[in-house]
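This report concerns only the one structure given below.
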Amino acid sequence: MRRPIGACLIALSCLFAAPSVYAHLTGAFAEYLATVYDESTTDKLREDLETTKQEIAKLAPELDGLQRQFAEDRDAAADKLLFYRDRGLDLWLGMLQGEGSLVDRLGNEWLLERQLRRELDKLDDLYRSYLQLDLTRQSLAGREELLGAIERNLAQRQPFLDSVGDLGVEETANYLDIDWASEVEEPLKAALLADRLAVTEGWSDWLSESKVDGRTELRSNWLNDLSDLTYYFRADHLYAVYESDLANVILIGQLLQNAAGNAEYVIEAGFYNGFSVPDKALEELTGFELPYAELRERLGVGERAYLQQEEGTIAVAGTDY
């Protein structure tokens, strides 16, 4: 939230009078002073923005094709099911009452059962195709939501610069630092800590079985239902978005094995209202953690099993099952 310049100058005067507090407030963005006007600091965010747009453009026609194919397969399956429902019993009774040897009747019965089995297998494949289509649709929706969050984050940059007017680089960075410390830092740290505790205590409730391939997975919606942040799981990175009336923060990281041997959401970059968050501020942000040993024991999988980032989920992968 932008304050009147006069009020901010008074605040700065107070900070100069209290060196320890001033050191804290300017510490986070001190390294950013020389680049506060350099838009190259948001290159990664803009690169992700463009990549997401390209992925959506590529995925949309594929989704339309899957939708059309599914509709055709569904209609064909429905026609056959209606036929077997209406005529199946008549066919069966006709075979039992028909002429011919017992061997012929048994052969005809086997052929009918085989055909029914083929139709059931086709229905199973159709169901899996539907699930895959639904996952693709969810993936596209998630990317569009993430795209919106990135665009909202970048849109905050210029209004901030306009609000500080012709102030010098150092003063501008000080205002950015004050806003981060007073409006964002503590609630963001609290939200991340709450998520860490929720995962530590309830990770076993997070486990679910994929309806497509039966693998164990952890879908982002479980965590999002509990969190004040919104998580977007993608194959390349895990994004966490924190939004309030005063701030838009995007955290970008990966699920990596930490020193304790657990899988931890390690935050590698952050953007606050279109400005890159310095490493000093990121070091104070801690992501959730999953206990590898307990998870493997719970699932009965071998030591080679690991967690893999995928679209919309974290899947248990590996060959030693």
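Computed from the coordinates by the stated procedures, all read-outs in this text should not be read as laboratory data. These numbers were taken from a predicted model, which means no experiment stands behind them. So basically every Cβ, Gly included, is an ideal-geometry build from the backbone, and we count neighbours across all protein chains shown.
Working from label points 7 Å from Cα in the Cα-to-Cβ sense, the L226 to R118 distance is 4.9 nm. Set against the 2.2 N^0.38 Å expectation for a compact globular protein, the stretch 162-280 has a Cα radius of gyration ratio of 1.27.
If you wrap a convex hull around the alpha carbons of the stretch 210-321, what volume per residue comes out, as a whole number of Å³? Numbers along the way, then the final one.
Numbers: hull volume 13.2 nm³, N = 112.
With only Cα atoms used, the stretch 210-321 gives 117 Å³ per residue.
In this structure, L63 and L256 have a Cβ-Cβ separation that, at R0 = 41 Å, corresponds to a calculated FRET efficiency of about 0.85.
Which lysines, if any, have their Cα less than 25 Å from the Cα of K44, not counting same-chain residues under 8 positions apart? Partners within reach: K53, K58, K189, K280.
Take the Cβ-Cβ distance between A293 and L133 as r, set R0 to 41 Å, and report the resulting FRET efficiency rounded to the nearest 0.05. Mind showing how you got there, number by number?
Values: r = 37 Å, r/R0 = 0.89.
According to the calculation, E is roughly 0.65.
Only Cα pairs under 8 Å and 6+ residues apart enter the sum, and on that basis the relative contact order of the stretch 206-321 stands at 23 percent. Taking each residue as 0.36 nm, the span from K189 to S208 lengthens on full extension beyond its C-alpha to C-alpha distance by 4.0 nm.
Listed peptides 148-159, 263-274 appear in the order 263-274, 148-159 once ranked by packing, highest mean of other Cβ atoms within 10 Å at the front.
Peptides 216-223, 189-196, ordered by how many other C-beta atoms sit within 10 Å of their residues on average, highest first, read 216-223, 189-196. Straight-line cross-link partners of K122 among the lysines, defined as a Cα under 19 Å from its Cα and at least 8 positions apart when in the same chain: K80, K211. Counting 0.36 nm for each residue step from D43 to A77 and taking away their Cα separation leaves a gain of 7.3 nm.
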